[in-house]
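Please treat every number below as a calculation from the coordinates, not as lab data. For clarity, every value in this text was computed on a predicted model and none was experimentally measured. So basically every Cβ, Gly included, is an ideal-geometry build from the backbone, and we count neighbours across all protein chains shown.
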Amino acid sequence: MSVNVASQPHRRLNPLTGEWVLVSPHRTQRPWQGQQEERSASKRPEYDESCYLCPGNTRAGGQKNFDFDSTFVFTNDYSALLPDSGANDISDDSLFTAVPESGICRIICFSPRHDLSVPHMELDDVASVIGVWIAEYEKFKAMPEITYAQIFENKGQIMGCSNPHPHCQIWASSSVPYVVSLEQKKQADYFKQHSKPMLVEYAARELEKRERVVHQNEHFVVLVPYWAVWPFETMVLPKRHCTAIDQFTDDEVVAFADAYKTLTLIYDHVFDCEFPYTAGIHQAPTTNDNHDAWQFHMHFYPPLLRSATVKKFMVGYEMLAAPQREITAESAAEILRQAEARMSQCGDNQ
Ligand SMILES: [Zn+2]
Ligand SMILES: [Zn+2]
């Protein structure tokens, strides 16, 4: 007997991690008394003298930023990871295990403009940011002490972003982080069983079905994954097999910039606010091993649930048992497509 996924409680499997999400579409009508988040200030200045990421300003560590006019990359003054200290003590007690971890943390300012987030940047300028990601990925590939480079963007105060100047981070580490290694294992298992990369097959199937596709261009598709946990969670996937960002052609860089810019612009139209999220790229480790099972992808995890101020909480059952959602992935995709239609109608594609 097949489950009616539009109306009946059911579980969906995330094939990338092996985790299940409980979907409870029948609960969308229940009364809601949610927390009202403070709406973030709508207009920022182009330059803020107190911002440690604006051009020419002095950072807390004492260094002065260049007077940059495009992107700007620097090593975080307060890095979570530090270059290899040479320590190799391993505590392998099964109950008190610890191993050394080293790495490099960089910050990338998207542009000199304090007020200009990705949806409002020129397409070429977003492509320049992606060019920096490629250059950084290649640098880390040349470092034998690094095995993985995690590129991510935290946007909005409710995601814990401490500085509104549009920027992202790269944490490059000596080991492959847990979530990435989980996805690596699942993709390798799938590849072994089916002789093709899981996410290449997945994107092709979603493009046939179309119900969770939000946006696409010649080279990329933006979709709400079948197993999405966050209300408006999305993934950006290439249409061809690319294990990592350094395989993109020039056209693909621009197409990826278009997907990034368009998706974030759609997000801003869902609740008519600057839509907060954590977004990040998963791709092949920077080592020389065979990474054929990998498919490059970018995750977007926005916390908002039903307005600019009401966010989803991961508490109770979700902390103790499994994540749960009420609005289905298919309904979320429909809401995002409607936001894109409104955006096009009012000519707001900037
Ligand atoms: Zn700034
Ligand atoms: Zn992933």
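Rounded, prolate or oblate: which fits the chain, taking a ≥ b ≥ c as square roots of the Cα gyration tensor eigenvalues, rounded meaning a/c under 1.5, else prolate when a/b beats b/c? Rounded. Charged side chains reduced to their Cβ positions (Lys and Arg at +1, Asp and Glu at -1) give the range 41-345 a dipole of some 720 debye around its Cα centre. When a/c reaches 1.5 or more, the comparison of a/b and b/c decides; with that in mind, is the range 130-236 rounded, prolate or oblate per its Cα gyration tensor? Because a/c hits 1.5 or more and a/b fails to exceed b/c, the range 130-236 counts as oblate. Inter-part distance, the range 159-214 to the range 226-253, computed on C-alpha centroids, equals 8 Å. When both bridge partners sit in the chain, DSSP labels roughly 95% of those beta bridges antiparallel. How much net charge surrounds Thr264 when only other residues with a Cβ under 12 Å from its Cβ are counted (Lys, Arg +1; Asp, Glu -1)? Neighbour charge sum, excluding Thr264 itself: -3.
Expressed as a rounded percentage, what relative contact order does the chain have, with Cα pairs under 8 Å and six or more residues apart? The value is 21 percent. Of Met198, Met319, the sequence from fewest to most neighbouring Cβ atoms within 10 angstrom is Met319, Met198.
Note on the chain: dipole from Cβ charges, positive end direction compared against Ile158, Leu336, Ser181; the farthest Cα belongs to Leu336. Dipole of the chain computed with +1 at Lys/Arg Cβ and -1 at Asp/Glu Cβ about the Cα centre; of Trp227, Leu95, Ala284, farthest Cα towards the positive end is Trp227.
Using a 4.7 Å Cβ-Cβ cutoff, the cysteines of the chain lacking any partner cysteine are Cys105, Cys109, Cys161, Cys168, Cys242, Cys273, Cys346. Among Leu223, Leu265, Leu116, sorting on how many other beta-carbon atoms sit within 10 Å of each Cβ, with the fewest leading, yields Leu116, Leu265, Leu223. Top mean-square fluctuation among Leu95, Leu199, Leu13, Gaussian network model of the chain, C-alpha springs under 10 Å? The residue that fluctuates most here is Leu95. For the chain, modelled as a Gaussian network with Cα springs under 10 Å, which listed residue fluctuates most, Cys168, Cys51, Cys109? Between Cys168, Cys51, Cys109, it is Cys51 that shows the largest mean-square fluctuation. Structure remark: mean-square fluctuation, Gaussian network model of the chain, C-alpha springs under 10 Å; the largest value among Asn88, Asn57, Asn14 belongs to Asn88. Counting only residues at least eight positions apart within a chain, or on another chain, the lysines with an alpha carbon under 28 Å from that of Lys64 are Lys43, Lys139, Lys155. Shape call for the range 227-350 from the C-alpha gyration tensor, a ≥ b ≥ c root eigenvalues: rounded (a/c under 1.5), prolate (a/b greater than b/c) or oblate? Here the range 227-350 falls in the oblate category.
Where does each of His269, His120, His26 land when they are ranked from fewest to most other beta-carbon atoms within 10 angstrom?
His26, His120, His269
Remark: the range 166-240 carries a charge dipole of roughly 200 debye about the Cα centre, counting +1 on each Lys and Arg Cβ and -1 on each Asp and Glu Cβ.
Once C-alpha pairs closer than 8 Å and six or more residues apart are averaged by separation and normalised to the residue number of the range 193-251, the relative contact order reads 28 percent. Distance from the alpha carbon centroid of the range 105-147 to that of the range 279-313 works out to 16 angstrom.
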